[in-house]
Amino acid sequence: MTRRPRVSRAVYWAVVAFLFFPLLVLLFYSFNEGKGFQWMGFSLRWYQKLFSNSRELWASVENSLIIGLSAATVSTVIGTLGAIGLNWYKFFGKKYIQAVSFIPLILPEIVIGVSLLIFFASNLRGIGTVLDGLAATAPLGVAQLLMVLAIPFHVELGMGTILVAHISFTLPFVILMVLARLSEFDYSIIEAARDLGAKELDILFRIIIPISIPGILSGFLTAFTLSLEDFVVTLFVQGPNSQTLPLYIYGHVKKGLPPEVNAFSVILIVFTMVLMFSVRNLLKYMVKSK
Amino acid sequence: MKKNYGTWYTLPLAVWISLFFVIPIAIVLIYSVLTRDYTGGVIWKFSLDSFSALANSSFIRATATTVFIALVSTAITIVLALPVAYYMARSRSNTILLLLVVVPFWVNFLIRVYAWMAVLGQEGFLNDLIRWMGLTNEPVTFLFNIWAVIIVHVYAYLPYAILPLFTTIEKFDFGLLEAARDLGASHVKSLTKIMLPNVQSGIITAVLFTFIPILGSYAIPDLIGGTDSTMLGTIVALNLRTGNNWPLASAISVVLTIITSVGLLLYFLYNQRLEKVHLQFQEETK
Amino acid sequence: MKGSEVRVENVEKKFGEFNALKNVSLTIRKGEFFSLLGPSGCGKTTLLRIIAGFEDPSAGIVCLDEDNVVPLPPDRRHVNTVFQNYALFPHLTVFENIAFPLRLKKVPLAQIKDKVFRYLELVQLKGQERKKPNQLSGGQKQRVAIARALINEPSVLLLDEPLSALDAKLRQQLLMDLDLIHDEVGITFIYVTHDQSEALSVSDRVAVMSEGRVLQIGTPYEIYEAPADTFVAQFIGETNLLKGTITVRDGRFYTIDTLDMGPVMVTTDRAFEVGDEVVHAIRPEKIAITKQRPENLPPDWNVVKGKVFESIYSGFQSRFDVDNAAGYRFKVYKQHESYLEMGPEIKWTDEVWLSWDADDGYLVESTRL
């Protein structure tokens, strides 16, 4: 090396300070006796309040976790299968799926939110109404059938629509991560398995899924994180009784967030760090034991 | 390959993405040229009202503001991210340095935005600090202006720029810098003339990862911004959620999509040109 | 039943416009160690994949003993493949890799253990069974791949350039081991390679392929000593080719008037007529090189004078490039059989005499590709 990177080192530490600074401020205020951002002295009362009397906050956390886990699960299943198909097979319509699957990745989130809201709130319900209308004039039997058919179209905005939206925008990430893992392997291991007598399901469950576990796991974690993080899309497709954590914060932030949110943020940071480090170590352990 | 299971593997994906992505986007396109129904929804009658409404001066200002905020924030982000990624790539303990950059982003996005309100607010940390130092007694308004919006955008999207830059710079052969120095280039020259052109793809990815989300940003201008920082996202949400003007919201979405697509198109054209140059080079060196 | 006969009849394979195989027919005998040899892109791997069942031929049939196997998928043929890049399952141990086909068939564990350990012994990998593929060396990986392909007791084993990723010394060792394994299991081996020394050293017979055609099928000795055409002659080992026209025929003896060195004497068992356009070939190691004109040579020896353009000493032998008066550059190998060389050392720019027996030369056809 000709010279120590002095300038870049200074910028690096300045940026790290910039990144941590607002979070340290939150940490600081979480121990504030007073309600606002004016320093009134040290106190743990907001931590107490957080665990004794913050039902709305915890309910939103619960909603976020339910949606995050289910969205990540569905997204991982659909995305993993899709990635396998896209990586190793040629078939009709492959180009279409390839192109379309990655568009949500590059479109502004708000466009996805708008399109899904319009879709849920107007079109599906419209189809439902038409079906109901037809049922009213149809002969017996057919009428019942039409009414049953119309049921899924009477969409109520809420947890269900948020879930569908989150699955949609997390799918590309799962596909990307599984694809990245699969591309490390040559198609010959599939041929080898087939040559040795494996049927398609054997190949899927004994070879493909086991080898892509790291990709599937990181896909799941990414989908889960993105779902927990999402605000814009959720804001559009939300309904009554479906307040997620970001919606809760947004709802309260303008009139001043309850101070226990400061305490909650600190606990969340600590919890995430512990979780991330244990996942990292777990992954390291898994890689080593391989 | 005798039997083909590709269709089966991708069937759920194809159905899902068509139903919950392609069709909704198509509907937005159609709605943008329909007539507004004041009770919400649309009347199925062709109309270019929403697009002519876009010629309105307040909308043009919002578009300009949006593009301005996105450009400035992206520029600052890249300028900061380059040396950070460079330092991380050259350091031997880069996992720790990487973690330090990533850890703040394990905190929920809205909490991070809120943290900036705690810093910049009228009764926030900075004002406390100023008062404590006795600089002024009047609270200073740091929030609700375009520069606050830009700072928070930079804050929110820095890691999205640092990570792709880090992965490309890490693959860069630093021996080339020494070769450049050996041939008489200054330290700065060797960085700008040798390293930057070689990590171009990383820079472009970083730009896309910051510029596109900022274009459609909603929460940050809504919470941090003021009257001078109304962005397109704010207008979309207003029209859709309270104004019941679905065709207009759709039309703005179409505009946002077009701006994004133009950016992407430039990116792909650029990539293709790179590939062509590369191929030519290979041909010539054969 | 041990090995199977493999009969390839009029097989064609087209990939779009590209003809990978052009009317290929060959019969591989029961229990034979058969090599498909040719440069990359000659169609040898495609032919192997058609026999394995990974590709369908565009035309023609492939028979195992009496049955046409073209309609059967790979797992329904008594054929298994050893892949070029090993294709080991990265998440399974050596034991589980080899046991994979047995696990699929739900064979009881005791039997699996018994059998896997027998094959581990066969490929000399006992004690490695708990390792994962990424903990093995290249040679060990290849042995696992061989054991895994053999455990189903196929009647034909296909090997697709199995040694190409290994270094030269290891390749020799594995080749010998492969030969031993072949003797042990006694099934038909079909071995694809672009390396002529691999093919010559272990095969019972070799098929030389180029641009989708089989040019010659024969024992290694036949292929080397009597190549059918100029392509085979040049691809297998090195050779000096002299184009010319037959001017005199006297029983087995022919005289050819060549452009590059005038009349050349040669013997051949193949039938040629006076006036035929032919190519005369002589291997570099069959040419004697001396500083003095050799005396008392029998009448059927060819002699030519030349000047050393380059000499490369490589221990056990030296290689000389020698230009004659017409400007043709001969390749000549001289074995260093004893430490004390007979005669003075031959150096760069020395005038030398090249000579060879008419029996050592041979006539080949011009390759019609």
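Where a number appears in this text, it was derived from the coordinates with a stated rule and is not lab data. Remember, predicted model here, so these are calculated numbers, not experimental data. As a convention, Cβ positions derive from the backbone with ideal geometry for all residues, glycine included, and neighbour counts pool all protein chains shown.
Points to keep in mind about this one:
- Taking chain C and dividing mean pair separation by its residue count, relative contact order in percent (alpha carbons under 8 Å, at least six apart): 16 percent
- A compact globular protein would have a Cα radius of gyration near 2.2 N^0.38 Å; the ratio found for the protein assembly as shown is 1.27.
- At least 24 Å along the helix axis (C-alpha) and Kyte average at least -1.0, DSSP helices within chain C: C:168-185
- Screening chain A for whole DSSP H helices of 24 Å or more along their axis (Cα) with average Kyte-Doolittle hydropathy at least 1.0 returns A:6-30, A:159-182, A:209-229, A:260-289.
- Largest GNM mean-square fluctuation across C:47, C:163, C:109, computed for chain C with C-alpha springs under 10 Å, falls on C:109.
- Alpha-carbon Debye profile of region C:238-364, log10 I(q)/I(0) at 0.12, 0.16, 0.19, 0.23 Å⁻¹: -0.45, -0.77, -1.03, -1.38
- Hydrodynamic radius by Kirkwood, which averages 1/r over all alpha carbon pairs of region C:194-288, in angstrom: 14.4 Å
- Largest GNM mean-square fluctuation across B:232, B:158, B:99, computed for chain B with C-alpha springs under 10 Å, falls on B:99.
- Considering only B:161, B:251, B:118, the Gaussian network model of chain B with Cα springs below 10 Å gives its largest mean-square fluctuation to B:118.
- When A:43, C:4, A:122, C:210 are sorted by how many other C-beta atoms sit within 10 angstrom of their C-beta, beginning with the fewest, the order is A:43, A:122, C:210, C:4.
- Reference-scaled alpha-carbon Rg (2.2 N^0.38 Å with N residues) for region C:134-186: 1.12
- Restricting the calculation to alpha carbons of chain C gives Rg and Dmax of 24.8, 77 angstrom.
- Legend: distances between Cα atoms for C:126/C:169; C:22/C:141; A:35/A:254; C:305/C:334; C:30/C:126; C:243/C:305; pairs beyond 25 Å are C:22/C:141; C:30/C:126.
- Cα-based convex hull volume of region B:159-221 per residue, rounded to whole Å³: 84 Å³
- Pairs of C-alpha atoms in region B:94-159 farther apart than 18 Å represent 48 percent of all such pairs.
- Distance between region A:113-142 and region C:6-84 - C-alpha centres, whole angstrom: 58 Å
- Inter-chain Cβ neighbour average for residues C:79-91, partner chain, 10 Å: 5
- Pairwise alpha-carbon distances in region B:179-277 exceed 23 Å for 50% of all pairs.
- Membrane-span-like helices in chain B, defined here as complete DSSP H runs extending at least 27 Å along the helix axis by their C-alpha atoms with mean Kyte-Doolittle hydropathy no lower than -1.0, are B:57-90, B:146-171, B:246-285; this is a sequence and geometry rule, not a statement about a membrane.
- Here region A:195-268 and region C:119-156 have alpha carbon centers that stand 43 Å from each other.
- As a rough footprinting exposure proxy, the listed residues A:250, C:328 were ranked by other beta carbons within 10 Å of their own, and the order from fewest upward is C:328, A:250.
- Computed across region A:1-142, the Kirkwood radius stands at 22.5 Å (inverse of mean 1/r, all Cα pairs).
- Relative intensity, log₁₀ I(q)/I(0), of region A:167-290 from a Debye sum that treats every alpha carbon as a point, q = 0.09, 0.13, 0.22 Å⁻¹: -0.43, -0.75, -1.29
- Taking A:111, A:274 and counting other C-beta atoms within 10 Å, the order from fewest to most: A:274, A:111
- At 0.692 mPa s and 37 °C, Stokes D of region B:57-285 from Kirkwood alpha-carbon radius, µm² per second: 162 µm²/s
- Taken over the Cα atoms of chain A, the convex hull encloses 242 Å³ per residue.
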